[in-house]
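For reference, the structure is listed below as structure tokens.
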Amino acid sequence: MPFSKPPIGVGERAPDFALRDQSGSLVALKDLIGNGPIVLFFYPKDDTTGCTKEACRFRDDYARFREAGAKILGISSDSEESHRHFAAKFSLPYQLLSDPGGKVRALYEASSLFGLIPRRATFTIDAAGVIRDVFRSDARFEQHVEKALNSLQALSR
């Protein structure tokens, strides 16, 4: 049986990346480090039932994330144009990043479920760039927001 390493987790440095957001701007993680915590959530697809609920929960609690000084970034393999439409349709106040081919998703080990459906995962990253919390759940998509807010509260203690 081949050895497989455990998924990336708490205490590890967040892998750097640079992706384009819904307006075409390049967003690099290294440029955000040092400016407060980051909540990075991977979701399967724009404008689908579960993903819309999750994205709208982040939107609905956006003020609480801002109060904690956190920046929210949503990532899927959808195009910048798809993200632009999704963000406009649901008034999403945070950046959605396009990860064509799922390279960043693979870096964060949030790859496909049974090779078919991209996984749902949320990472709370502190201002130093260290992962402080990871929540992986494909079915409990609305809990990603709750878990991220709880981890931000723990960071501020």
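The values are calculated or read from the model by the stated rules, or taken from the named source; none is laboratory data. Since this is a predicted model, take the numbers as computed values, not measurements. Because the Cβ atoms are built from the backbone with ideal geometry, glycine has one as well, and the counts that use them run over all protein chains shown.
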Flagged in region 117-157 as modelled with pLDDT under 90 and among the small types (Gly, Ala, Ser), in numbering order, are SER137, ALA139, ALA154, SER156
Within region 71-110, of all residues that are at negative phi and hydroxyl-bearing (Ser, Thr, Tyr), the one surrounded by the fewest Cβ atoms within 10 Å (Cβ to Cβ) is SER79
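Tell me, please, whether a residue that is surrounded by fewer than 15 Cβ atoms within 10 Å (Cβ to Cβ) and either of a type in the set (Val, Ile, Thr) or out of contact with any Gly (no Cβ under 8 Å at 6 or more places or on another chain) (or both) can be found in region 120-130.
Filtering region 120-130 down to residues surrounded by fewer than 15 Cβ atoms within 10 Å (Cβ to Cβ) leaves 128, 130.
Cutting the leftovers down to either of a type in the set (Val, Ile, Thr) or out of contact with any Gly (no Cβ under 8 Å at 6 or more places or on another chain) (or both) gives us 130.
Yes, because at least one residue in region 120-130 is surrounded by fewer than 15 Cβ atoms within 10 Å (Cβ to Cβ) and either of a type in the set (Val, Ile, Thr) or out of contact with any Gly (no Cβ under 8 Å at 6 or more places or on another chain) (or both).
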